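Reading through the structure tokens given below for one structure.
The values are calculated or read from the model by the stated rules, or taken from the named source; none is laboratory data. Quick caveat, the model's predicted, so the values are computed rather than measured. With ideal geometry, Cβ positions are generated from the backbone for all residues, glycine too; neighbour counts draw on all protein chains shown. Just the protein is used for accessible areas: all its heavy atoms, side chains included, with ligands, DNA and RNA removed. Shrake-Rupley method; radii C 1.70, N 1.55, O 1.52, S 1.80 Å.
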Amino acid sequence: QVQLVESGGGLVQAGESLRLSCAASGRTSNEMVGWFRQYPGKEREFVARITWNAGSTLYADSVKGRFTISKDDAKNTVYLQMSSLKPEDTAVYYCAATQFTVRRLRMWRPSDTRDWGQGTQVTVSS
């Protein structure tokens with residue numbers, strides 16, 4: 001299994017930006033890498049994903065137009081650029097990887113994930 005390590009979380013004011021990084025080590029045999037976030041007492045929810053080979057992206061409606069997911073193949077790293085942050089973006093953000101293809105998965109649910117990062121806290125103050 002691949003190991004995923006997130007970094008880049010922190011405390012910012014509304015309207016500011018953060019960039020999260022997810023560095024992968026070990027095996028990199030997964031088809032897609034993405035980001036989920038989790039509010040206290042809630043299940044993790046999908047934020048964005050990118051296919052490893054083609055770089056095809058998909059975003060949740062709540063972040064579309066504000067967040068950008070990208071990858072650096074040479075570094076085995078996936079990024080989440082978060083702009084125009086809102087207080088409702090406050091959550092623990094997790095990097096995730098799945099072996100399933102876009103064709104197989106209609107919706108990427110947490111249970112479809114093979115590998116998780118440890119999570120990084122993002123807090124947005126108003």
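Do you know which residues across the stretch 100-126 are of a type in the set (Phe, Trp, Tyr) and either outside any strand (DSSP E or B) or more than 16 Å from the chain's Cα centre (by Cα) (or both)?
First, pick out the residues of the stretch 100-126 that are of a type in the set (Phe, Trp, Tyr): 100, 108, 116.
The answer is Phe100, Trp108.
Among the residues that make up the stretch 46-62, is at least one of them among the hydrophobic types (A, V, I, L, M, F, W, C) and open to solvent by 60 Å² or more (accessible area, probe 1.4 Å)? Outline the logic, then answer.
Step one: of the stretch 46-62, the residues among the hydrophobic types (A, V, I, L, M, F, W, C) are 46-48, 50, 52, 54, 58, 60.
With open to solvent by 60 Å² or more (accessible area, probe 1.4 Å) added as a condition, the list becomes 54, 58.
Yes: one or more hits.
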Restricted to the stretch 84-99 and to residues being out of contact with any strand residue (DSSP E or B) (no Cβ under 7 Å at 6 or more places or on another chain) and not in a helix (DSSP H, G or I), the residue nearest to Ile50 (Cα to Cα) is Gln99
| query | Can you find a residue in the stretch 25-41 that is surrounded by fewer than 20 Cβ atoms within 10 Å (Cβ to Cβ), touching a strand residue (DSSP E or B) at 6+ places or on another chain (Cβ under 6 Å) and within 15 Å of Glu88 (Cβ to Cβ)? | reply | yes
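Against the condition open to solvent by 40 Å² or more (accessible area, probe 1.4 Å), assigned to a strand (DSSP E or B), within 23 Å of Gly10 (Cα to Cα) and modelled with pLDDT of 95 or more, how does Gln81 come out, does it pass? So that I can check it myself, show each step before the final result.
Details: open to solvent by 40 Å² or more (accessible area, probe 1.4 Å): yes; assigned to a strand (DSSP E or B): yes; within 23 Å of Gly10 (Cα to Cα): yes; modelled with pLDDT of 95 or more: yes.
For Gln81, the condition - open to solvent by 40 Å² or more (accessible area, probe 1.4 Å), assigned to a strand (DSSP E or B), within 23 Å of Gly10 (Cα to Cα) and modelled with pLDDT of 95 or more - is met.
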Flagged in the stretch 99-121 as touching a helix residue (DSSP H, G or I) at 6+ places or on another chain (Cβ under 8 Å) and open to solvent by 30 Å² or more (accessible area, probe 1.4 Å), in numbering order, are Phe100
Scanning the stretch 64-78 residue by residue, those surrounded by fewer than 22 Cβ atoms within 10 Å (Cβ to Cβ), aliphatic (A, V, I, L, M) and either touching a residue at least 24 places away in the same chain (Cβ under 8 Å) or in contact with a Gly (Cβ under 6 Å, 6 or more places away or on another chain) (or both) turn out to be none
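Which of the following residues is in a loop (DSSP other than H, G, I, E, B) and not polar (S, T, N, Q): Ala74, Ala54, Ala24?
Working: Ala74 fails: in a loop (DSSP other than H, G, I, E, B); Ala24 fails: in a loop (DSSP other than H, G, I, E, B).
Exactly one residue qualifies, and that residue is Ala54.
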